[in-house]
Amino acid sequence: MTSDAHARPDRRNVLAALGGLTLAGAPPFARAGAAGHERDWAWLVGNWDVSHRRLRRRLAGDVNWDAFGGRSVVWQTMDGLGTIDDNILDLPGGPYRAVGIRAFDPNAGEWLIWWLDGRNPTRIDPPVHGTFARDEGVFLGEDVFEGRPIRVRFRWHEIHGPRPHWDQAFSPDAGATWEVNWTNAFTRTAPTPTPLPVTTDHPADFDFLAGRWRVAHRRLKARLAGSRDWETFDGTFHNWPVLGGAGNVGDNIFNRASGPVRGVGFRAFDPASGDWLSWWLDGRTPSVISAPLTGRFTDGVGLFRSEEIIDGRRVLQRVIWSNITPRSARWEQASSLDGVDWEVNWISDFERVG
């Protein structure tokens, strides 16, 4: 929860992967290294009331705290190797919404945690990394606060008890000293996660996508190589609203011939630009969140674009949502080297099942 009015807003996200649903070239999912970690966050799944205490001024010798309430709901994603939590924080100056994203990296043997503040939806905080030992968890990361580098620490306590609690601390001296600036305690209200209420004025562009879907995929095996060799496979997709409806999350399974692939897409609306941002977290490269596609809907069709470097070439990416009905939708990805000639390389047809 490092983002607030004092956090530096222009810090770049941790962005270094392929855009959109581009899965080609990723290494096989190291499932063996993840064994046993699918239950690490199971204790947090469900709905919660949250009691917060937050230091008014950070790294300033302040001793004044604000107390306020909130709510949180947590879902598992990627077969337990990821989670999403949606949050309402009733700050004294007014409530805000935020989303936490977690993924387990089997290569490093640790979890990564990112935070997206709904008041600044174009920025994802740099992640903290860490693990659990019995009922405690410690997660460390690097960030910038008011123009200076800091270390960030999240700690979870008594996670299997009736009232798990969390604290956040900053260190301005590379971990020599720490100032705790935020604490909270969780009281469960439901064991099965139910989305928090959406706002009446939320952008409704992606409302159609909420629910469960069966998906038929066609994917070009080689992009921008003159290939006409397509791979077909099916999959499933579960989507739900976050950020009061100004965001949404989709948990995906792709049943490819080489084995299932899992990943999470999440979106947030930027009222300043009128655009949606769409990020992708691939279960085979779970330490990286992709650079976002950005775009909007016009006359019921969504157009989103991004740019990436593949094999030293600047590649433009385009995603189109179309054929949207209460029971179906189509997603199409295309790539281009010049922005004029586009090669469609992935088509997904969605059929609602719930």
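Hey, could you check segment 250-260 for residues that are hydrophobic (A, V, I, L, M, F, W, C) and within 19 Å of residue 333 (Cβ to Cβ) and say which is most open to solvent (accessible area, probe 1.4 Å)?
253
Kindly check whether there is at least one residue in segment 270-281 that is buried (at least 21 other Cβ atoms within 10 Å of the Cβ), charged (D, E, K, R) and under 27 Å from residue 203 (Cβ atoms).
No, the conditions are met nowhere in segment 270-281.
Let me spell it out: the conditions are (1) out of contact with any Gly (no Cβ under 9 Å at 6 or more places or on another chain); (2) open to solvent by less than 30 Å² (accessible area, probe 1.4 Å); (3) over 26 Å from residue 263 (Cβ atoms), and residue 184 meets all of them except one. Which number is the exception?
(1)
With the requirement that a residue be in contact (Cβ under 8 Å) with a residue 40 or more places away in the chain and among the hydrophobic types (A, V, I, L, M, F, W, C), what does segment 305-344 give you?
310, 315, 319, 324, 329, 331, 337, 344
List, please: which pairs have Cβ atoms under 9 Å, are six or more places apart or on different chains, and start with a residue in segment 238-262 that is at positive phi and end with one that is crowded, with 20+ Cβ neighbours inside 10 Å and of a type in the set (Phe, Trp, Tyr)?
Correct list of pairs: 243/269; 245/206; 245/269; 259/29.
Looking only at segment 214-238, filter to residues that are under 25 Å from the mean Cα position of the chain (by Cα), open to solvent by less than 70 Å² (accessible area, probe 1.4 Å) and not aromatic (Phe, Trp, Tyr); which one of those is nearest to residue 261 (Cα to Cα)?
235
Could you please tell me which pairs satisfy a Cβ distance under 7 Å, a separation of 6+ or placement on different chains, a first residue in segment 129-140 that is closer than 14 Å to residue 112 by Cβ, and a second residue that is of a type in the set (Asp, Glu) and not in a strand (DSSP E or B)?
Final answer for the pair search is 132/40.
Under 6 Å by Cβ, and 6 or more places apart or on different chains, what pairs join a residue from segment 65-92 that is on the phi < 0 side of the Ramachandran plot with one that is hydroxyl-bearing (Ser, Thr, Tyr) and surrounded by fewer than 22 Cβ atoms within 10 Å (Cβ to Cβ)?
Note: pairs meeting the criteria are 89/96.
When you scan segment 297-317, how many residues do you find that are open to solvent by 30 Å² or more (accessible area, probe 1.4 Å) and closer than 22 Å to residue 246 by Cα?
7
Report yes if residue 205 is of a type outside the set (Ser, Thr, Tyr), open to solvent by 40 Å² or more (accessible area, probe 1.4 Å), within 22 Å of residue 302 (Cα to Cα) and out of contact with any Lys or Arg (no Cβ under 9 Å at 6 or more places or on another chain), otherwise no.
no
The values are calculated or read from the model by the stated rules, or taken from the named source; none is laboratory data. It should be emphasised that the depicted structure is a prediction, and the values quoted were computed from it without experimental measurement. FYI the Cβ positions are ideal-geometry reconstructions off the backbone, even for glycines, and counts take in every protein chain you see. Please note that ligands, DNA and RNA were not included when accessible areas were found on the heavy atoms of the full protein model with its side chains. Shrake-Rupley method; radii C 1.70, N 1.55, O 1.52, S 1.80 Å.
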